[in-house]
Amino acid sequence: MITDIQITIDSQFTLVQCTKGDYIPSADAVVRIPGRGLAGTEEGIVMRLMGKVSIITGGAQGIGQATAIKFAKEGAKVAVCDVNLTAVDETVRLIREAGGEAAGFRVDVTDKVSITQMVEGVMAKWGRVDTLVNNAGIVQDAQLKKMSEDQFDRVIDVNLKGVYNCTRAVVDIMLAQNSGCILNASSIVGLYGNFGQTNYAATKFGVIGMVKTWARELGSKGIRANAICPGYIHTPILASMPAKVLKMIEDKVPMGRLGKPEEIANTYAWLASDEASYVNGAVIEVSGGVTI
């Protein structure tokens, strides 16, 4: 139990009084803010990521943007990384206007120089890296007989080599801290494959292999590695599809709808928190049951 402790946070809740009866499991695990309900609850917002420094690639749109916003709401200091600097600036603006703390970086995950500059900027600003969300990814679909070598190589370079590049850039920092969390964006395509996605499937299977390897290599050093496999999520890519196609996709899902980016972000936030402290090498499907 704790009494008479004041916690100052960079959010619209500038000062929180923790009085007798509030319980914090560890210094950086969970802070409950009285009087401001999370999703309408009375118990208060759960700040599971208070003070954690998080790098999110592909963080300026879709699932990445939802994850950046979610992490900031839970108290993380967020590095929003994307090739689209205009979208980066907009995401940072949204986070700051809501009272969160964020910095934006133009990062091409195939360009080691831009990655190094981003990591140096994060360290100069916040001095540590607690979480890396490897979310950046692209699609260039074609059947095998029609897929060009450029299409194959480009998807491999971004979705697979990019994950390696970013993780390699932060692993020494995490090792020095004896703590860290690496989260890879896979897909249900990384579990079962998909028509016309030889290149994409190869990358999404590959990033699962990476987290399982890193879980073995780094687990004893205080670093956890896990992957999420989203199903059909309402992102800009799906939103561009005809309504008839979207209806066909929805009908395949037992829950009868597409997933929301926020539902993937919620899973990432849990995995990044101390609540998931014994989760390592896991592959979590978030798909509404579409693969059943």
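The values are calculated or read from the model by the stated rules, or taken from the named source; none is laboratory data. On a predicted model such as this, the values are computed, not experimentally measured, just so you know. A quick note on method: Cβ atoms are made from the backbone with ideal geometry, for glycine too, and the neighbour counts reach across all protein chains shown. All accessible areas refer to the heavy atoms of the entire protein, side chains included, with ligands and DNA or RNA removed. Shrake-Rupley method; radii C 1.70, N 1.55, O 1.52, S 1.80 Å.
May I ask you to list the residues in region 108-128 that are surrounded by fewer than 14 Cβ atoms within 10 Å (Cβ to Cβ) and outside any helix (DSSP H, G or I)? Across region 108-128, the qualifying residue is only Gly127. Yes or no: Thr235 open to solvent by less than 30 Å² (accessible area, probe 1.4 Å), hydroxyl-bearing (Ser, Thr, Tyr), in contact (Cβ under 8 Å) with a residue 40 or more places away in the chain and more than 15 Å from Tyr164 (Cα to Cα)? Judged against the criteria, Thr235 is a match.
So is Arg93 among the basic types (Lys, Arg) and over 17 Å from Val53 (Cα atoms) or not? Against the criterion (among the basic types (Lys, Arg) and over 17 Å from Val53 (Cα atoms)), Arg93 qualifies.
Can you find a residue in region 142-158 that is touching a residue at least 40 places away in the same chain (Cβ under 8 Å), open to solvent by less than 80 Å² (accessible area, probe 1.4 Å), part of a loop (DSSP other than H, G, I, E, B) and closer than 24 Å to Arg48 by Cα? The answer is no, given that none of the residues of region 142-158 is touching a residue at least 40 places away in the same chain (Cβ under 8 Å), open to solvent by less than 80 Å² (accessible area, probe 1.4 Å), part of a loop (DSSP other than H, G, I, E, B) and closer than 24 Å to Arg48 by Cα. Show the residue pairs meeting these rules: Cβ distance below 7 Å; 6+ apart or different chains; first residue within region 174-192 and of a type in the set (Ser, Thr, Tyr); second residue at pLDDT 95 or above and part of a helix (DSSP H, G or I). The qualifying pairs are Ser186/Lys204; Ser186/Val207; Ser186/Ile208; Ser187/Lys204.
In the set (1) touching a Phe, Trp or Tyr at 6+ places or on another chain (Cβ under 6 Å); (2) part of a helix (DSSP H, G or I); (3) not charged (D, E, K, R), Ala225 fails one condition alone, (2). Got at least one residue in region 89-96 being in contact with a strand residue (DSSP E or B) (Cβ under 9 Å, 6 or more places away or on another chain), part of a loop (DSSP other than H, G, I, E, B) and either of a type in the set (Asp, Glu) or within 25 Å of Arg224 (Cα to Cα) (or both)? No, there is no match, as no residue in region 89-96 is in contact with a strand residue (DSSP E or B) (Cβ under 9 Å, 6 or more places away or on another chain), part of a loop (DSSP other than H, G, I, E, B) and either of a type in the set (Asp, Glu) or within 25 Å of Arg224 (Cα to Cα) (or both).
Scanning region 250-260 for residues that are out of contact with any strand residue (DSSP E or B) (no Cβ under 6 Å at 6 or more places or on another chain) and either within 16 Å of Thr57 (Cα to Cα) or open to solvent by less than 20 Å² (accessible area, probe 1.4 Å) (or both) gives Val253, Leu258.
Residue under question is Lys212, and the condition is that it be of a type in the set (D, E, K, R), open to solvent by 80 Å² or more (accessible area, probe 1.4 Å) and at pLDDT 95 or above; does it hold?
Here the answer is yes, as Lys212 does meet what is asked.
For Gly35, indicate whether it is modelled with pLDDT under 95 and surrounded by fewer than 22 Cβ atoms within 10 Å (Cβ to Cβ). When the stated conditions are applied, Gly35 passes them.
In the set (1) in contact with a strand residue (DSSP E or B) (Cβ under 8 Å, 6 or more places away or on another chain); (2) open to solvent by less than 50 Å² (accessible area, probe 1.4 Å), the condition left unmet by Val139 is number (2). Put simply, of Ala102, Ala124, Ala98 the only residue that is within 23 Å of Gly75 (Cα to Cα), of a type in the set (A, V, I, L, M, F, W, C) and out of contact with any helix residue (DSSP H, G or I) (no Cβ under 8 Å at 6 or more places or on another chain) is Ala124. Do we have Ser240 as more than 27 Å from Ala76 (Cβ to Cβ) and open to solvent by 60 Å² or more (accessible area, probe 1.4 Å) here? Considered against the rule, which asks whether it is more than 27 Å from Ala76 (Cβ to Cβ) and open to solvent by 60 Å² or more (accessible area, probe 1.4 Å), Ser240 comes out as yes.
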